[in-house]
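To keep things clear, I will list the structure first and then write my remarks on it.
The values are calculated or read from the model by the stated rules, or taken from the named source; none is laboratory data. All figures in this text were calculated on a predicted structure; none of them were measured in a lab. Here the Cβ positions follow ideal geometry from the backbone for every residue, glycine too, while neighbour counts run over all protein chains shown.
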Amino acid sequence: MNSLANTPHRLSINQATIRAQCDMKQAVEEITRAGISGIATWRDKVHEIGLAQAARLIRDAELKVSGHCRGGMFCAADKDGIAQAREDNLRAVEEAAELGAGSLILVVGGMPPGSKDLSGARQQVLEGLADLLPVARAAGVKLSIEPLHPMYAADRACVNTIGQALDLCDAIDPDASGDIGVAVDVYHVWWDPELERQIARAGKARLHAFHVCDWLVPTQDMLLDRGMMGDGVIDIPKIRSWVEREGYDGPIEVEIFSERDWWRRPAAEVLETCKERFATVC
């Protein structure tokens, strides 16, 4: 397994990792000061200063945008809700294009409030993706479905495995153009016994993104207690070997939600730790 110590250019920092410490401008400054060349943007942080200014900051800092978070949330209880989701996704595509993002990350949404129809929610996701794909293609934006851990199936993402995400890709892009694919976030998929096989099924064209952090034992909050790489139980190098075996050589994005730990530390300390762990344990 090749060490990442010789490829620091592949490291990208998802804004979530320092979201409590930094606004958009501060994040760009801190990431640049740390000598890191990649950033993944979050829409709320971009909106705080406006799309044009955010894009200008990133260009001036010569940062590469590995991904834009997030589109999706396709599921709704009525036609008005579905229409609102569509409009929001159209704006997300426009933002990703302006920022030059590697892809638009899609968290697809869970069941509408009061619903118990999981298969119906997944059908809404399929229809939403089919509608969005031609728009994204026209804008030159790749769509990346990010499966979330099954604990989020009800409220955040009814797509929970790489296999499910690839089934959606096959349904709306049977030629595997690469315009729609998957984001492999180890926090959400490390447990899946089918993971290696499904990564191979994805192949290079559909492997759009690779996100890293760690699963702590015990985990005190399922959303906001992710670990720094090396502090938990995920075999990150093994999963990286699977995606790289298929030809993935793109950014490796650190995405850590950590209300109890890393969000309480200075951003510079967090980023230096990310660099060290990227080089030694990823």
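Below, the figures for the structure above:
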item	result
Residues of the stretch 59-82 classified as under 27 Å from residue 250 (Cα atoms) and outside any loop (DSSP other than H, G, I, E, B), total	12
Any hit, the stretch 170-179, residues being crowded, with 19+ Cβ neighbours inside 10 Å and in contact with a strand residue (DSSP E or B) (Cβ under 8 Å, 6 or more places away or on another chain)	yes
Of all residues in the stretch 26-47 being in a helix (DSSP H, G or I) and out of contact with any helix residue (DSSP H, G or I) (no Cβ under 6 Å at 6 or more places or on another chain), the one that is farthest from residue 262 (Cα to Cα)	47
Qualifying residue in the stretch 148-160 (condition: closer than 28 Å to residue 90 by Cα, over 16 Å from the mean Cα position of the chain (by Cα), crowded, with 16+ Cβ neighbours inside 10 Å and of a type in the set (Lys, Arg))	no
Hits in the stretch 96-114 (condition: crowded, with 21+ Cβ neighbours inside 10 Å, in contact with a helix residue (DSSP H, G or I) (Cβ under 7 Å, 6 or more places away or on another chain) and part of a helix (DSSP H, G or I))	99
Residues of the stretch 216-251 satisfying the condition of being farther than 22 Å from residue 152 by Cα, of a type in the set (Gly, Ala, Ser) and either within 18 Å of the chain's Cα centre (by Cα) or buried (at least 20 other Cβ atoms within 10 Å of the Cβ) (or both)	250
Condition check for residue 234: β-branched (Val, Ile, Thr), closer than 26 Å to residue 151 by Cβ and assigned to a loop (DSSP other than H, G, I, E, B)	yes
Restricting the stretch 65-84 to residues that are under 19 Å from the mean Cα position of the chain (by Cα) and small (Gly, Ala, Ser), the residue that is surrounded by the most Cβ atoms within 10 Å (Cβ to Cβ)	67
Residues located in the stretch 30-57, provided they are acidic (Asp, Glu) and surrounded by fewer than 19 Cβ atoms within 10 Å (Cβ to Cβ)	44, 48
Single residue of the stretch 252-269 satisfying the filter (within 19 Å of the chain's Cα centre (by Cα) and among the aliphatic types (A, V, I, L, M)) that is nearest to residue 8 (Cα to Cα)	252
Some residue of the stretch 183-195 being buried (at least 17 other Cβ atoms within 10 Å of the Cβ), in contact with a His (Cβ under 6 Å, 6 or more places away or on another chain) and of a type in the set (Asp, Glu)	yes
Filter result (among the aliphatic types (A, V, I, L, M) and at pLDDT below 95) within the stretch 1-36	1, 4, 5
